[in-house]
Amino acid sequence: MELKYTRPFLNKLEDIFAESDFVLRYEKGNFKAGYCVLKDMKVAVVNKYYSLEGKVNCLHDILRTVSLDESLLSEKNRQLYHDIRNQEAK
């Protein structure tokens, strides 16, 4: 799967979080990786000052590492989530 650094692709990644039980927040911070994941609270915080490319990379990295309840996702978002997770194995 090829990452697209466009606003519509960022919206697709954000939609996965919106449908899941994870909360996505954009806030200022000096996170070393550009984001912070609080797994116990199911919160992902991304630096709001990041560029579009940085935000896409952060959300992609987070989705590769967290485990979401796939039953909450729509078919389209479930497929995108699977593509992202399977990319990790390669």
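Side notes on the structure shown:
- Here Leu52 meets each of (1) modelled with pLDDT of 95 or more; (2) surrounded by 13 or more Cβ atoms within 10 Å (Cβ to Cβ); (3) in contact with a Leu (Cβ under 7 Å, 6 or more places away or on another chain) with one exception, condition (2).
- Boolean, Asp40 is touching a residue at least 24 places away in the same chain (Cβ under 8 Å) and acidic (Asp, Glu): no
- None of Lys76, Lys32, Lys12, Lys4 is at pLDDT below 90, among the charged types (D, E, K, R) and out of contact with any Lys or Arg (no Cβ under 6 Å at 6 or more places or on another chain) except Lys32.
- Number of residues in the range 24-45 that are open to solvent by 70 Å² or more (accessible area, probe 1.4 Å) and within 11 Å of the chain's Cα centre (by Cα): the value is 1.
- Within the range 41-57, considering residues that are out of contact with any helix residue (DSSP H, G or I) (no Cβ under 9 Å at 6 or more places or on another chain) and of a type outside the set (Gly, Ala, Ser), the one farthest from Thr6 (Cα to Cα): Met41
- Residues of the range 8-23 satisfying the condition of being more than 13 Å from Leu59 (Cα to Cα) and exposed (fewer than 13 other Cβ atoms within 10 Å of the Cβ): Pro8, Asp21
- Residue pairs whose Cβ atoms lie under 9 Å apart, separated by 6 or more positions or on different chains, with the first residue in the range 10-26 and farther than 15 Å from Leu72 by Cα and without any contact (Cβ under 8 Å) to a residue 60 or more places away in the chain and the second among the hydrophobic types (A, V, I, L, M, F, W, C) and open to solvent by 40 Å² or more (accessible area, probe 1.4 Å), are Leu10/Leu52; Leu24/Ala18.
- Residue in the range 66-77 that is nearest to the chain's Cα centre (by Cα), counting only those that are open to solvent by 70 Å² or more (accessible area, probe 1.4 Å) and of a type in the set (S, T, N, Q): Ser67
The values are calculated or read from the model by the stated rules, or taken from the named source; none is laboratory data. Owing to the predicted nature of the structure, the values given are computational and were not obtained by experimental measurement. As a convention, Cβ positions derive from the backbone with ideal geometry for all residues, glycine included, and neighbour counts pool all protein chains shown. These area figures cover heavy atoms from the full protein model, side chains too; ligands, DNA and RNA do not enter into them. Shrake-Rupley method; radii C 1.70, N 1.55, O 1.52, S 1.80 Å.
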